[in-house]
1. Please enumerate the residues belonging to segment 172-215 that are within 10 Å of the ligand (Cβ to nearest atom) and modelled with pLDDT under 95.
2. Could you run through segment 260-287 and say how many residues are farther than 17 Å from residue 425 by Cβ, in contact with a strand residue (DSSP E or B) (Cβ under 6 Å, 6 or more places away or on another chain) and in a helix (DSSP H, G or I)?
3. Just one of (1) at pLDDT 95 or above; (2) closer than 21 Å to residue 242 by Cβ trips up residue 413, so point out which.
4. Within segment 203-234, track down each residue that is in contact with a strand residue (DSSP E or B) (Cβ under 8 Å, 6 or more places away or on another chain) and without any contact (Cβ under 8 Å) to a residue 60 or more places away in the chain.
5. If you go through segment 393-415 one residue at a time, how many are within 24 Å of residue 324 (Cβ to Cβ) and assigned to a helix (DSSP H, G or I)?
6. Answer yes if at least one residue in segment 237-244 is at pLDDT 95 or above, in a strand (DSSP E or B) and in contact with a helix residue (DSSP H, G or I) (Cβ under 9 Å, 6 or more places away or on another chain), and no otherwise.
7. Which residues, counting only those in segment 323-363, are outside any loop (DSSP other than H, G, I, E, B), touching a helix residue (DSSP H, G or I) at 6+ places or on another chain (Cβ under 7 Å) and farther than 29 Å from residue 253 by Cβ?
Ligand SMILES: Nc1ncnc2c1ncn2[C@@H]1O[C@H](COP(=O)(O)OP(=O)(O)OP(=O)(O)O)[C@@H](O)[C@H]1O
């Protein structure tokens, strides 16, 4: 029993011992067991966190790289536009190195937006409105006021030898201003109070419009009863003279005609789109297109110009004051005037450039008197277009250009005003033709070869 008891005790003790040592052992075992895995866990955890960090960093770097790539790609693309412009300007300059050209032409045949290529290729309307002119710069940005005496000196007392033209509104003299600038001085007829108002309006309008494609008003004179307008001088006179006069002068080559067409389109686009308010020329024709020493065209004759501010329901109702052969039918019949009336007149000028014919010629066979009526049905047939070409061009043109010009003219002279294009649409359609003709024009026939360096302003 005792044994049992002892044994029991022992057992109990043992049990107790066991029970005492078990937790220890268990604890020990547990400790040992828990210590190693936790170390591993710690190591694994720290390795995995380092790995995670590395992965995160890699992702971050990759994302940065990606965004940098797309950013630099954009920059690259942007630069390529600039550089392609620069390179094309460079090509334009280097592909025609043999002639001295005015800055605008030197800047290329590709400098189609502005007159002075030393500056940017593209000009904003605001730039055009504030474009510096030689005279404006000298005159502090304003149109100059001249005394009658000064103009007497400039024109050698309005000598007959200095008369360069005669218009409906007055005589035009060539004169040399006190700073040496050659100018066209227009002496207006005396017309009483209405003439005075028209004069003020004209000065006001002209002094607000500045574009390389418009003949610049340099100043005016309102001394006592004398009323004169002083314009920049255009040494090659009117397009009318070069296209239609029977004088023995070299006919305008195709490239020059295209360039004139584009210059005029830009002039009208400027008036329509950038005039504030929009300006309708109202009497656009070959005699209102003047040519500088490089045969670059500028539009003049704003004596009849009307601003869009006088519109009623989008149209101006007015006494019809245009020139037969150029008048849009809706304007001729109802006196309703919009910018589309100018587009029609522009189409007539395009046809003159294409055919060398005057808008109205009663000496021609019946059915051919009025250029537009004769040409319009022919403008859609290739063979007919080729038959219409000005014979004085002697085949020196591209048939593709010809057909393109015919298509533009056909759209411009449509009887329905709303179907005619805007001048802003005509300009971009002419640019590629002029570009091509410039490259072709660097061959023997182009006038641009003989240009002398001169500023446009
Ligand atoms: N800025 C200029 N530079 C050189 N010549 C000019 C200039 N302005 C006018 N002329 C010449 O004077 C002529 C008369 O011009 P003007 O503007 O008075 O009348 P027009 O254009 O013939 O017609 P309209 O009297 O209907 O306006 C022109 O045909 C042109 O030969």
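1. Taking segment 172-215 and keeping what is within 10 Å of the ligand (Cβ to nearest atom), we get 172-174, 182-188, 215.
Matches in segment 172-215: 186, 187, 188.
2. Of the residues in that region, 2 qualify.
3. Answer for residue 413: the failing condition is (2).
4. Matches in segment 203-234: 227, 229, 233.
5. Keep residues of segment 393-415 that are within 24 Å of residue 324 (Cβ to Cβ), which gives 405-406, 408-415.
Filter again for assigned to a helix (DSSP H, G or I), leaving 405-406, 408-412.
So the answer is 7.
6. Checking segment 237-244: at least one residue is at pLDDT 95 or above, in a strand (DSSP E or B) and in contact with a helix residue (DSSP H, G or I) (Cβ under 9 Å, 6 or more places away or on another chain).
7. 330, 331, 336, 337, 339, 340, 341 - these are the residues of segment 323-363 that are outside any loop (DSSP other than H, G, I, E, B), touching a helix residue (DSSP H, G or I) at 6+ places or on another chain (Cβ under 7 Å) and farther than 29 Å from residue 253 by Cβ.
Results for (1) touching a residue at least 24 places away in the same chain (Cβ under 8 Å); (2) under 16 Å from residue 217 (Cβ atoms); (3) more than 36 Å from the chain's Cα centre (by Cα); (4) in a helix (DSSP H, G or I), shown as yes or no for each residue.
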{"residue": "152", "(1), (2), (3), (4)": "no, no, yes, yes"}
{"residue": "161", "(1), (2), (3), (4)": "no, no, yes, yes"}
{"residue": "164", "(1), (2), (3), (4)": "yes, no, no, no"}
{"residue": "172", "(1), (2), (3), (4)": "no, yes, no, no"}
{"residue": "184", "(1), (2), (3), (4)": "yes, yes, no, no"}
{"residue": "190", "(1), (2), (3), (4)": "yes, no, yes, no"}
{"residue": "195", "(1), (2), (3), (4)": "yes, no, no, yes"}
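The values are calculated or read from the model by the stated rules, or taken from the named source; none is laboratory data. All values derive from a computational prediction rather than experimental measurement. Cβ sites come from the backbone with ideal geometry, for glycine too, and all protein chains shown count toward neighbours.
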